[in-house]
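Participant: Below is the structure I would like to discuss, written out as structure tokens.
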Amino acid sequence: MTTVTITQAKRRLAELADRVSTGERITVTRDGEPVLEMVAPQPSRKGGYDPDAMKRFLETRGVSQFFSRVADDFDDPLPEDFLLRPLPE
């Protein structure tokens, strides 16, 4: 993995983008601390969401239902003082 400073990254962005596109990971630092990693995007799978894959994932872990119940008022607005009230004991 290559490490460059943020100043170097600004000057060499096109070159670094070319290297990342070939699979290299590049860490960008500021004051010696990592602030970001440059990585190539992962190819998406047929629209991103695969319900069959999710079903297989849950079945292999013994989960029969993803949600057992959704409350009728799930998406109702919260009262204004919701965050100000103390938590129940």
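Participant: With the structure loaded, tell me whether Arg25 is open to solvent by 100 Å² or more (accessible area, probe 1.4 Å) and under 30 Å from Arg12 (Cβ atoms) or whether it fails that test.
Facilitator: Yes.
Participant: A follow-up question, please. Within the set of pairs 6 or more residues apart or between chains, which connect a residue that is touching a residue at least 12 places away in the same chain (Cβ under 8 Å) inside the stretch 47-62 to a residue that is among the aromatic types (Phe, Trp, Tyr) with Cβ atoms less than 9 Å apart?
Facilitator: Met54/Phe66
Participant: Next up: Could you list, in sequence order, all residues of the stretch 1-28 that are of a type in the set (Val, Ile, Thr) and within 21 Å of the chain's Cα centre (by Cα)? Can you show your working first?
Facilitator: So the first thing to find is which residues in the stretch 1-28 are of a type in the set (Val, Ile, Thr), and the list is 2-7, 20, 22, 26-28.
Hits for the stretch 1-28 are Val20, Ile26, Thr27, Val28.
Participant: OK, next. Out of all the residues in the stretch 1-22, which are among the polar types (S, T, N, Q) and open to solvent by less than 80 Å² (accessible area, probe 1.4 Å)? Steps first, answer last, please.
Facilitator: Pass one, the stretch 1-22, residues among the polar types (S, T, N, Q): 2-3, 5, 7-8, 21-22.
Those that are among the polar types (S, T, N, Q) and open to solvent by less than 80 Å² (accessible area, probe 1.4 Å): Thr2, Thr5, Thr7, Gln8.
Participant: Against the conditions (1) at pLDDT below 85; (2) open to solvent by less than 90 Å² (accessible area, probe 1.4 Å); (3) polar (S, T, N, Q), where does Gln65 fall short? Just the number, please.
Facilitator: So Gln65 meets the others, but not (2).
Participant: Residues of the stretch 31-56 being open to solvent by 100 Å² or more (accessible area, probe 1.4 Å) and either assigned to a helix (DSSP H, G or I) or farther than 30 Å from Thr2 by Cβ (or both), which ones?
Facilitator: The answer is Lys46, Tyr49, Lys55, Arg56.
Participant: State which residue pairs qualify: first residue under 20 Å from Glu33 (Cα atoms) and inside the stretch 1-20, second residue open to solvent by 60 Å² or more (accessible area, probe 1.4 Å) and not in a helix (DSSP H, G or I) in any location, beta carbons under 6 Å apart, and separation of 6 or more residues or different chains.
Facilitator: Cβ pairs passing all conditions: Met1/Arg25; Ile6/Arg30.
The values are calculated or read from the model by the stated rules, or taken from the named source; none is laboratory data. Quick caveat, the model's predicted, so the values are computed rather than measured. We place every Cβ from the backbone using ideal geometry, glycine too, and count neighbours over all the protein chains shown. Just the protein is used for accessible areas: all its heavy atoms, side chains included, with ligands, DNA and RNA removed. Shrake-Rupley method; radii C 1.70, N 1.55, O 1.52, S 1.80 Å.
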